[in-house]
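Enquirer: Right, I'll just put the structure down here and ask away after.
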Amino acid sequence: MTLVKDALFIGGSWVAPASDRTINVISPHTEEVYATVPEANEVDIDRAVTAARAAFEEGPWPHSSPKERAAMIRAISAAIQARAQEFAETVTAEMGAPTDFALFGHTYAAAMVLEGFADLAESFPFEQERPGLLGPVLVAKAPVGVCAGIVPWNVPLFLTAAKIGGSLASGSSIIIKSAPESPLTSYLLAEVIESVGLPPGVINIITADREMSEVLVRHPGLDKVSFTGSTAVGRRVASICGEQLKRCTLELGGKSASIILDDADLGAALPALLPAAFANSGQVCAAQTRILAPRSRYTEIVEGLADLVAGTKASDPSVSGTLVGPLVASRQRDRVEGLIEAGVNEGARLVTGGGRPKDAQHGWYVEPTLFVDVDNSMRIAREEVFGPVLAVLPYDTEADAIRIANDSDYGLSGSVWTGDTQHGVAVGRQVRTGAFAINSGMMLDPKSPFGGFKQSGIGREMGIEGLEGYLETQTLVLPPPAKD
């Protein structure tokens with residue numbers, strides 16, 4: 001039975017869309033229509049921005065205390081956790097996230113992001129008195145205003161939490177535009193927002209296709225845009241925001257490297273590398289899909305990874321224990337298969353995988369795939385695959401490994417594996433990337449700033465830096481002290 005949604009969440013209410021156009025949400029596992037939702041158009045976008053503007057200029061939210069904002073953020077987090085299984089099942093159904101990752105990487109991680117922003121709202125110095133040239137000045141942090149959060153399909157609730165968390169903590173209002181492939185989690189989130197009593201218009205949620213993203217970004221009623229998605233679209237968003245002198249945060253693509261040093265404990269490292277590369281079926285911007293292996297242990301590493309990848313099967317995402325499920329759409333499978341073909345044609349050695357699971361009667365599946373003897377000039381080493389494809393690159397010296405890791409247009413995540421933690425930190429400082437783990441497959445920390453160097457983006461989300469992206473700075477010059 002197809003789930004039907006027929007309204008948009010604007011101004012704190014469920015409202016009829018301006019047109020009768022709808023979006024079919026197709027299950028990546030069954031290839032059948034799972035749900036239909038309204039497709040917002042220009043009229044709906046204008047209504048959402050108008051509601052957010054009214055909430056910011058006329059409503060109580062920008063004038064609420066940090067403690068009040070923290071309490072509301074915590075209420076949203078608690079309501080998400082109370083419905084965690086429902087959120088997880090929904091994201092598995094709509095975009096194919098394996099169920100365990102859907103629960104922890106999508107749902108509970110989103111709640112942790114919100115808890116982090118609640119803590120920040122209570123502890124952040126929104127006002128500071130400082131000494132000026134002639135007397136004291138008061139430096140105040142004001143909400144940036146009306147924001148747009150454009151969310152991709154791969155981890156929709158988590159990325160929405162990063163945007164609404166910063167907006168709410170600052171006292172701003174926001175319009176969330178969810179992706180057409182995974183809009184149902186945003187409907188659950190709207191129900192949560194409605195239930196906790198957030199003032200109308202502080203968060204508005206719509207779903208639209210990609211061309212409407214530009215309409216939203218161009219809207220003159222916006223003060224800031226937070227976009228997560230591809231680098232190509234990020235350039236377009238940045239261009240529009242630059243024309244209008246509109247604030248923007250961009251979290252874009254990645255091609256992250258895991259550096260295995262010759263003193264690494266491979267028994268601990270190799271099993272941890274698999275989820276760092278294949279979590280969410282490899283559809284994570286921070287996935288660590290380039291493994292840099294020293295020639296002194298290259299054969300040992302390749303053989304260990306070959307066994308692990310060959311033992312990982314692409315299978316039904318609703319079954320607990322599944323690491324790799326289907327890709328989100330047939331176009332995504334086509335892209336991944338095209339890059340696998342490019343790897344073979346460019347001379348990389350395909351060790352395991354590379355095709356479609358023989359027992360999959362339906363679904364957009366690609367086998368977990370391992371390439372070795374990869375050169376960093378190859379497309380599979382330079383382009384973001386966004387699928388379960390791992391590439392092993394040999395290196396000669398540590399300096400060579402750092403050079404290869406940095407030889408990328410991207411700089412989003414990465415890791416190093418070593419017997420010496422402090423030496424790992426020293427290596428991490430040399431890799432030009434926004435997040436870096438030592439002896440861990442963690443791609444990011446939900447309470448810490450996340451974003452990238454180079455073409456991986458501009459600005460940060462989460463953490464203090466993420467909150468600051470939703471704030472403007474105002475200097476109030478106080479009267480000089482009276483003379484005796």
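The values are calculated or read from the model by the stated rules, or taken from the named source; none is laboratory data. Since the structure is predicted, the reported quantities are computational estimates derived from the model, not experimental observations. Here the Cβ is made from the backbone with ideal geometry for all residues, glycine too, and neighbour counts use every protein chain on show.
Enquirer: Exactly one condition in (1) crowded, with 20+ Cβ neighbours inside 10 Å; (2) small (G, A, S); (3) touching a helix residue (DSSP H, G or I) at 6+ places or on another chain (Cβ under 9 Å) is false for G267; which is it?
Expert: Against the list (1) crowded, with 20+ Cβ neighbours inside 10 Å; (2) small (G, A, S); (3) touching a helix residue (DSSP H, G or I) at 6+ places or on another chain (Cβ under 9 Å), G267 comes up short only on (1).
Enquirer: Checking the structure you have, find out if any residue of the range 140-152 is over 23 Å from A48 (Cβ atoms) and either in a strand (DSSP E or B) or touching a strand residue (DSSP E or B) at 6+ places or on another chain (Cβ under 6 Å) (or both).
Expert: Yes, some residue in the range 140-152 is over 23 Å from A48 (Cβ atoms) and either in a strand (DSSP E or B) or touching a strand residue (DSSP E or B) at 6+ places or on another chain (Cβ under 6 Å) (or both).
Enquirer: What's the number of the only condition in (1) within 24 Å of the chain's Cα centre (by Cα); (2) surrounded by 20 or more Cβ atoms within 10 Å (Cβ to Cβ) that P17 fails to meet?
Expert: Just one mismatch for P17, condition (1).
Enquirer: From the list A232, A238, pick out the single residue that is in the same structural domain as P180 (by TED's automatic domain parsing), in contact with a Leu (Cβ under 7 Å, 6 or more places away or on another chain) and hydrophobic (A, V, I, L, M, F, W, C).
Expert: Residue meeting the stated conditions: A238.
Enquirer: In addition: Looking at S408, S448, which is the one that is hydroxyl-bearing (S, T, Y), within 22 Å of H106 (Cβ to Cβ) and not in a helix (DSSP H, G or I)?
Expert: S448
Enquirer: Are there any pairs, at least 6 apart or on different chains, whose C-beta atoms fall under 9 Å, with the first in the range 159-180 and outside the structural domain of V37 (by TED's automatic domain parsing) and the second surrounded by fewer than 24 Cβ atoms within 10 Å (Cβ to Cβ) and at pLDDT below 95, and if so, which?
Expert: Short answer, once both residue conditions are applied: none.
Enquirer: Across the range 371-387, what is the number of residues that are in contact (Cβ under 8 Å) with a residue 40 or more places away in the chain, closer than 22 Å to L412 by Cβ and not in a loop (DSSP other than H, G, I, E, B)?
Expert: 4
Enquirer: Take the conditions acidic (D, E) and over 28 Å from the mean Cα position of the chain (by Cα) and apply them to D359. Does it pass?
Expert: Answer is yes for this residue.
Enquirer: Tell me whether the range 462-471 contains one or more residues that are touching a helix residue (DSSP H, G or I) at 6+ places or on another chain (Cβ under 6 Å) and at positive phi.
Expert: yes
Enquirer: Right, next: Within the range 388-405, can you find the residues that are touching a residue at least 24 places away in the same chain (Cβ under 8 Å), outside any strand (DSSP E or B) and not hydrophobic (A, V, I, L, M, F, W, C)?
Expert: P388, D396, E398
Enquirer: Restricting the range 395-437 to residues that are over 28 Å from N280 (Cβ atoms) and touching an Asp or Glu at 6+ places or on another chain (Cβ under 8 Å), which is surrounded by the most Cβ atoms within 10 Å (Cβ to Cβ)?
Expert: Only one residue fits best here, namely D420.
Enquirer: Residues in the range 238-245: is at least one within 30 Å of S377 (Cβ to Cβ) and surrounded by fewer than 24 Cβ atoms within 10 Å (Cβ to Cβ)?
Expert: The answer is yes; a qualifying residue exists.
Enquirer: Report, ordered by the first and then the second residue, all pairs with beta carbons closer than 6 Å, sequence separation of six or more or different chains, a first member in the range 343-354 that is surrounded by 19 or more Cβ atoms within 10 Å (Cβ to Cβ), and a second member that is in a strand (DSSP E or B).
Expert: Close Cβ pairs (under 6 Å, with a partner that is in a strand (DSSP E or B)) amount to G343/F371; A348/F371; V351/L370; V351/V372; T352/L370; G353/T369.
Here's the yes/no breakdown for (1) without any contact (Cβ under 8 Å) to a residue 24 or more places away in the chain; (2) outside any helix (DSSP H, G or I); (3) farther than 14 Å from G457 by Cα:
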site	(1), (2), (3)
V237	no, no, no
T249	no, yes, no
A264	no, yes, yes
A272	no, no, yes
A276	no, no, yes
N280	no, no, yes
V284	no, yes, yes
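Enquirer: Applying the selection to the range 206-232, what residues are over 15 Å from G242 (Cβ atoms) and charged (D, E, K, R)?
Expert: D209, R210, E211
Enquirer: Out of S213, S182, which single residue is under 20 Å from the mean Cα position of the chain (by Cα), assigned to a loop (DSSP other than H, G, I, E, B) and either of a type in the set (D, E) or crowded, with 21+ Cβ neighbours inside 10 Å (or both)?
Expert: S182
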